[in-house]
Amino acid sequence: MEKGLPLYPIERCFLGTGEKFEDGSHILHVNGTYRGDTPIGKLMHNFSCTNAEDMYYGILADRVRFFKESKEGIEIMCRAMEDMRNQTLKEGMREVALRMLAAGKYALEEIVNISGLSLEEVKQLKADRSDR
């Protein structure tokens, strides 16, 4: 937003009349670059820290210290990162399988062999595709 504010509350409105659209939804844009001497400025500072010692808020610093410096925390973070990597890889292979199904020239077994997905997963992708 480039106005130097820590927060930007945003409300939806009808463009023709300017009236608020009261659907219960609200948007709160947080300026991640804000570093003022306020609670939100200190929090944004903490979020950019790589060292727990540089943080203002003890609770957050303690959690960062746990995940970055303790054996248990490091193992938890490694598992989380591996899970994210595997999920991303699986999503990519689903996209490959969908493209192969769309091409219409591959047998299901070929798609399974190339994508690494199970036959059941490929069949489900095919069924979902034909439901559209």
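Observations, loosely collected:
- Other residues whose C-beta falls under 12 angstrom from the C-beta of K20 contribute a net charge of -3, scoring Lys and Arg +1 and Asp and Glu -1.
- The chain: angle of helix 39-48 to the longest principal axis, Cα-based, in degrees nearest 10: 50
- Helical mean residue ellipticity (222 nm; -39500 (n - 2.57) per DSSP H run of 4+; nearest 500) of the chain: -18500 deg cm²/dmol
- The stretch 35-108: relative contact order as a whole-number percent, Cα under 8 Å and 6+ apart: 12
- When the chain is treated as a Gaussian network with alpha carbon springs shorter than 10 Å, the biggest mean-square fluctuation among R99, R85, R65 belongs to R99.
- In order along the stretch 114-125, phi translates into HN-Hα couplings of 7, 7, x, 6, 6, 4, 4, 5, 5, 4, 5, 4 Hz, rounded to whole numbers, per the Karplus curve 6.51 cos²θ - 1.76 cosθ + 1.60 with θ = phi - 60° and x for Gly and Pro.
- For the chain, lysine pairs separated by 8 or more sequence positions, or belonging to different chains, with Cα-Cα distances below 17 Å total 4.
- Across C78, C13, C49, mean-square fluctuation computed from a Gaussian network of the chain (C-alpha pairs under 10 Å connected) peaks at C13.
Values quoted throughout were computed directly from the atomic coordinates according to the rules given, and no laboratory measurement underlies them. Since the model is a prediction, treat every value here as computed from it, not as a measurement. Note that each Cβ is placed from the backbone with ideal geometry, even for glycine, and that neighbours are counted across all protein chains shown.
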